[in-house]
């Protein structure tokens, strides 16, 4: 997703990333023809409080719950942000009682109104924000749901925001002026659908991508100096057109990009069924994120592991398939960029070399499999877990696995088939049939059907197991060399992580390194980095710096803000480089060109 300096992993989500969808509780009897009406008011945005009202048909008793997680695979306990929960009936009596950290019991008959306020002012596509500039809403982070009734009819109204603000969302809204404030109301939907449609309210630019069908709308909140409309339009158009063609049609009627660009925009991207929200400091970062998030339309949102269904908002939801759902989506993010010409093949090779380096320099790669990394995603909010000795990224491991698997399929079929055919087959066999796949098992079975032979050994060793990836052996089949080099690299002597509240902090500190010598401590919150946001991917940022460059930090430690300065140091490291094999045979050359261009069969040389 973005400007990825040579040697860089993009990610996302990235975080990052999955969205809640398709909760499938059976509807409660007696309510199916009635609508659960949500209203969100923003009377004083600078106070960061969303005022929420829910009009709920109740017959005796209903349970309301606040999701404990959304977007990121992290328990965030959004109920901790709620204040002043009250209930009253339009006629008769109603009571509300809290029974655990995220659940309230409502009693009454007829329509009961529940009111509360919830505080949010966090940047980024995985959070929710309300301030004097705009509101960005992930609905599941502010709206309670009725247990067992998330598939019933629901509507959402958003009002009392400044007159010069507008609303944008993939969810259809009708807006009109009411007194001195506008109000926008969604078409009747369900809580599940509302939860999967982020909303931007504020001053923004909006335009449609020309020549893209079905239609795609782009909404940009941010300073004009940080992005160029023509560049953004061209990049997103190429990405959408290529991926839609690759997957033989779009699965949406109308798609929306919500982009936050500039300082304070956060970082990463979050996929949704008909939209994405992306935060970046400049438009340079955008293509990498957008290519990843748009491909999630198929992989994750529709080609979906059964272990993530039905979604349970109350607790962790474990899956072994994130190496495919997220990692292979990263494979296709990079494929899209090189196949559309947004990247040169040299840049593609540089990115692949960085992925391999990132894997091999982490000791955890020797004991944590791609499946276990997927299973342990819920531990990512702990700084210790993110250290190299404790975990390896399912994004990185999955991306490299996708490229290795693609080459093997092409080699076995003399370049007649590819990983593209696997994704298309899973789209037909699962997504279009409304079915969910069985984690790694159905990925393997589909690859075997496409390639006409067993991949059990590959999956056992490298997906479920931790045997070293045979880079040289497999990449040679595609006329690609993988070699090690010793480099002198810029070094800070620290890593960054996020604490349990999502705050960016110093994760590990080398006491003898530049940051440690300057007085930085583990757990210090990073307020500013060289006057702006800290880099989303520290390794990527560092690869663009040189030893001796000055780093200026403002940190927060025990409610006190401090200023620190230090100069970037230098260290030796073993890195992996990817280059074309000058001795490649005709078959390997054909496979390499097919991979780079997304083609099968006999591929002509350029």
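Rule-based calculations on the coordinates, nothing more; no lab input. As the structure is a prediction and not an experimental result, all values here were calculated from the model. We place every Cβ from the backbone using ideal geometry, glycine too, and count neighbours over all the protein chains shown.
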Placing each pseudo-label 7 Å from Cα in the direction of the beta carbon, residue 90 and residue 485 end up separated by a distance in nanometres of 7.1
Unit-weight point scatterers at every alpha-carbon of the stretch 493-567, Debye formula, q = 0.15, 0.20 1/Å: log10 I(q)/I(0) is -0.45, -0.84
Taking Cα atoms, the helix 439-451 axis meets the longest principal axis of the chain at an angle in degrees (rounded to 10) of 50
Helix 586-597 sits off the longest principal axis of the Cα atoms of the chain, rounded to the nearest 10 on a 0 to 90 degree scale, by 30
Across 5 Å bins beginning at 0, the whole-percent shares of Cα-Cα pair distances in the stretch 312-407 come to 3, 14, 21, 23, 17, 11, 8, 3, 1, 0
For the stretch 276-336 the mean separation of alpha carbon contacts under 8 Å (6+ apart) over residue count, i.e. relative contact order in percent, is 43
Expressed as a whole-number percentage, the relative contact order of the stretch 493-567 with C-alpha contacts under 8 angstrom and at least six residues apart is 25
Between the Cα axis of helix 345-360 and the main Cα principal axis of the chain, the angle (0 to 90°, nearest 10) is 80
In the chain the DSSP beta bridges are antiparallel at a rate, in percent to nearest 5, of 80
The Kirkwood hydrodynamic radius of the stretch 355-412, taken as the inverse of the mean 1/r over all distinct Cα pairs, in Å, comes to 12.0
In whole percent, the Cα-Cα distances of the stretch 48-129 spread across 5 Å bins from 0 upward as 3, 14, 23, 22, 16, 12, 7, 3, 1
One finds the C-alpha centres of the stretch 460-513 and the stretch 373-420 to be spaced, in Å, by 12
Checking rank on 467-480, 576-589, 385-398, 284-297, with mean other Cβ inside 10 Å and highest first, the result is 284-297, 385-398, 467-480, 576-589
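Counting only helical runs of four or more DSSP H residues, what would the 222 nm mean residue ellipticity of the chain come to if each run contributes -39,500 (n - 2.57) and the total is spread over all its residues?
Values: 13 runs with 138 residues, N = 606.
Taking each H run of at least 4 residues, the total per residue is -7000 deg cm²/dmol.
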In Å³ per residue, the alpha-carbon convex hull of the chain encloses 151
Per the rule of 0.36 nm per residue minus the C-alpha distance, extending residue 473 to residue 346 adds in nm 43.6 nm
Taking the convex hull of the alpha-carbon atoms of the stretch 205-289 and averaging its shadow over every direction gives an area in square nanometres of 5.0
Taking Cα pairs closer than 8 Å and at least 6 residues apart, the relative contact order of the chain in percent is 13
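Rounded to the nearest 5, what % of DSSP beta bridges with both residues in the stretch 205-289 are antiparallel?
Values: 8 of 21 bridges.
In the stretch 205-289, DSSP labels about 40 percent of beta bridges as antiparallel.
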